[in-house]
Each structure stands twice: as structure tokens, then as C-alpha cells.
Amino acid sequence: MLCATEGFYPADLKQAWLRDGEYISYLNTSLQRPNYEENLSTSHINWTFKNNTDGSYSLMSYLHLSSNIAEQVMYFCWVNHSTLIEPITVIMSSDECTETEAEFTGIFVRCIVVGPIFGLLICTALFIEIYFQHLNKSRQTSL
């Protein structure tokens, strides 16, 4: 699962992951100030903090889930920043994550398989077109 907070300023931001309402991770960028781009990792969460070219900041965290989750679990990405009236909470279920991953994998596989085949067909058609144009020019000049 991905929790992305992009384009915020100043850099002080709080971001947390919760599972069924219980905190499983918490990052406060004002207490733990990452450098320009830094990966902060725990056993199941990767954090990436970036200083954007426009002077704003971005923080992304990836929560790695086991693919064999038997029960439905609710996950929350919680974000708070000084520019917000109140914290933002996004709720995701483990079922949604699994279904999305399966759909994404199918699309990815289709693009990997169909893309090169389609590209090869286009290249072949262009080659044939150029070959016949060259052949016609050769015939016209010999007449």
C-alpha cells in the first residue's frame, strides 16, 4: 500500500500507518529531519522523503503486506500538517489492496507481452512500406 503526501511546505509533517485503528508506524519530519532524499525503512515500511525543485517537500511510505492475509484488515494512512485544518485519514482494506494488485499485475503483464509484439508489427509495416517505395523509385528511374 502507498501513502503519498506531495507538495507540502514547510517540511514539518506527521504521517502514520494504523491497522484496525492501532498505530503500527509514525514519522514526524520535524523530529527526524531527513536529508534531501532519504529512505527510512523499518521491517515492513519504507519511507522516502524528498525536497522538490520548487521548494516544497514530498513524503511517500510503502506498507508491505503479506500476500496471504486471511482476514479482512482495515489500514489507515494518517497525515497532519500545519496547513491542514484537521488531519487527513485515508482508509484502505487488505481486500482492496489484493484486488488492485491482481488487476495491476494483469495490466502490467499485458503491456509487457503485447507492447513488444505491437511494436514489432509497426516496424515490419514501416520496413515493407519503405522497401516498396524504394522499389518503385528504382523502377521509375530505370525507365
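Taking amide H as placed 1.01 Å from N in the peptide plane, the amide H of Ser25 sits under 5 Å from that of Trp17, each at least 5 places away or on another chain.
Close amide H contacts of Val73 (hydrogens built in the peptide plane, cut-off under 5 Å, sequence separation of 5 or more or a different chain): Ser94, Asp95.
So, by mean Cβ neighbours within 10 angstrom, what's the order for 81-93, 53-65, 7-19, 128-140 with the highest one leading?
Details: 81-93: 11.7, 53-65: 15.5, 7-19: 17.2, 128-140: 9.7.
By packing density, highest mean first, the sequence is 7-19, 53-65, 81-93, 128-140.
Taking amide H atoms as placed 1.01 Å from N in the peptide plane, the amide H of Ala11 has no partner under 5 Å among residues 5 or more positions away or on other chains.
Bear in mind these aren't lab numbers, they're just calculated from the coordinates by the rules spelled out. Everything numeric here is computed off the predicted structure, so don't read it as measured data. We place every Cβ from the backbone using ideal geometry, glycine too, and count neighbours over all the protein chains shown.
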